[in-house]
Amino acid sequence: MTTIQARVGEVTERIVKRSHDGRSRYLDRIRAAADKGPHRSRLSCGNLAHGFAACGLSDKQALSGDVVPNLGIITAYNDMLSAHQPYEHFPDLIRQAAHEVGAVAQVAGGVPAMCDGVTQGQDGMELSLFSRDVIAMAAAVGLSHQMFDAAVFLGICDKIVPGLVISALSFGHLPVVFIPAGPMTTGISNDEKAKIRQLYAEGKVGRDALLESESKAYHGPGTCTFYGTANSNQMLMEIMGLHMPGASFVNPGTPLRDALTREAAKRALAITALGNEFTPVGEVIDEKAIVNGVVGLHATGGSTNHTMHLVAMAATAGIRLTWDDISDLSDVVPLLARVYPNGKSDVNHFQAAGGLGFLIRELLSGGYLHQDVKTVHGTDLAGYTVEAKLDGDGTVRREPVPDASGDETVLAPLAKAFQPTGGLKMLTGNIGKAVIKISAVAKERHVIEAPARVFHSQEDFLAAFSRKELNSDVAAVVRFMGPKACGMPELHKLTPSLGILQDRGHKVALITDGRMSGASGKVPAAIHVTPEAADGGAIARIRDGDMIRINAVTGALEVLVDAAEFAAREPATQDMSAHQTGVGRDLFAAFRANVGTADTGAHVFGA
């Protein structure tokens, strides 16, 4: 086993020390729950009868005792979301697989699954981040019946997987396997899609041309093929040991996809407390697994959203992960993947070049990942340096990944890393703390100085762009977009206009207490600024014309104003009442009032 890289070991050790008390309390709690044995045995006859009333006779007989395991299915299926449409038939596959090993499987509950692609730039996006916590609570309701010895979770996209992980860790005494559905097949090139978007923003093509282009990009069942939050989720689930090896990026509707689903169900049933391989999810996700997730995020140029989601997931397991930890790991983890938006290719190309098996093997060889971790597969992380194939009998077989990448422009070996540092960087300064994604930003734009232009909504910025008021260097400050203000929407709608200004040769940057889509990255963007404007943060004291400096090399985010003058300014305020009703926003007032800061996970579950 390769010695762990020094910085990775150092960061892991300080997380362990910082988390000691909380992690100990968490492990005591889940072990006490596990020691009580199968919970069905403690249900009354009336409880149990309700629990299996709709089952067939053989399943009723099986669930009457404590010997046969029952697998709970938590599903995020809906057929509006392309990534989740394939899940419609997964419960039937899982029930069949359970019966083949003498067990039972039941759908324990469904959770909402929001498509950020539909809500981008719309009012509904203000519910997006909060949907993560709703999903966690909804999944907890499903598992609260205490009918189950293990669970499988069917979810892929943006806030859905983090919400499911938070719920799974709340029931940390149960074994849990995550089952993906895979990416859609490749449509038009990402370059072509981006080009049409910019032409539309400039008024050079109409809506018909734009819709035709978008429909060719997003054209069938499966995850969107760019490397945004959804596909970053799949990478995380595999590199943290919650997927079966090689499962993440196999297309839906294929025999291999179905075989992987059946295998995952059987594996979840094999690792219950009723057998000899008991593997509770709360022990799979430990400090080393969390660090492995952060390393994977950096090595692939993954989504900035995970600077919040990973912090929130870790907290549920009693682990305190900070932005400083994430930033320090970024300084040493090499970038090994170039997938749109930090490259021209998509996740299908990444998979064909060697996929996660190749990536994990390379990172392990350099000591960047902890190999000695628990996984749902029953091996350490070295067991994930494989690719999944369909065997002649319809089951899954695994082969070691090839020695060489199938395409070094998409997936590089360690010796030919695209850059020596990771895709994410933390920024600090007199504006506050923020995150920047640098893997897709040209090196000459890693340091930007430009005058501020302040906006209080995306619409204000786009109106100014349409009026041709922004044809110069500009640091666009879009504030009152934080979680307390309006739920922290993604501001991906700004990307084409910002890109146009940058392509015209201007120095351009975005500074916001909101989020950007996981598909963004061409323009330097200091996002997740905390404290946010609605909390009286320094971003609320910036004025038009102030010089702003973003330095992604040194990690600085500064307004170049005399310190005394800047401190003496009254923070701007904003009437947010228009953001508090409509599309269900009135139902989320308690979330806005109680949400934590971006750097602590932006969740509503308390410390």
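Points worth noting:
- Partner aspartates and glutamates whose Cα lies under 14 Å from the Cα of residue 522, excluding those fewer than 8 positions away in the same chain, are identified as 191, 444, 503.
- Here the gap between residue 79 and residue 409, fully extended at 0.36 nm per residue and compared with their Cα-Cα distance, gives a gain of 115.3 nm.
- Three-way shape call for region 225-346 based on the alpha-carbon gyration tensor, with the a/c threshold at 1.5: oblate
- Of the cross-linked pairs 425/484; 437/507; 204/493; 484/507; 344/416, those separated by over 22 Å at the C-alpha level are 425/484; 484/507.
- The trypsin sites (Lys or Arg not before Pro) of region 442-546 meeting both criteria, a DSSP state outside H, G, I, E and B (loop) and at most 16 other C-beta atoms within 10 angstrom of the site's C-beta, are 467, 468, 504, 543.
- Euclidean distance between Cα centres, region 407-432 to region 255-271, Å: 34
- Charge-dipole axis of the chain as Lys and Arg at +1 and Asp and Glu at -1 on Cβ define it, positive-most pick from 134, 20, 415: 20
- Protection proxy ranking, peptides 134-141, 274-281, average beta carbon neighbours within 10 Å, highest first: 134-141, 274-281
- Cα gyration tensor shape of region 424-577, rounded if a/c is under 1.5, else prolate or oblate by comparing a/b with b/c: rounded
- Anisotropy class of region 245-313 from Cα gyration tensor, a/c 1.5 cut: oblate
- Taking the longest Cα principal axis of the chain as reference, the axis of helix 306-316 is set at about 40 degrees.
- Degrees between helix 90-100 axis and first principal axis of the chain (Cα, 0 to 90, nearest 10): 30
- Cα long-axis angle, helix 255-270 against the chain (0 to 90 degrees, to the nearest 10): 60
- Reachable lysines, given that their alpha-carbon falls under 17 Å from the alpha-carbon of residue 374 and they are not under 8 places away in the same chain: 288
- Taking label points 7 Å from Cα along the Cα-to-Cβ direction, residue 58 and residue 605 give a separation of 3.8 nm.
- Around residue 416: net Lys/Arg minus Asp/Glu count, Cβ-Cβ under 14 Å: -3
- Which labelled figure in (i) 186; (ii) 230; (iii) 148 is volume of the Cα convex hull per residue in Å³, once derived from the coordinates: (iii)
Each value in this text was obtained by applying a stated rule to the coordinates, not by laboratory testing. Worth saying up front: this structure is predicted, and the values here are computed from it rather than measured. When we count neighbours, we look across all protein chains shown, and the Cβ atoms used for this are built from the backbone with ideal geometry, even at glycine.
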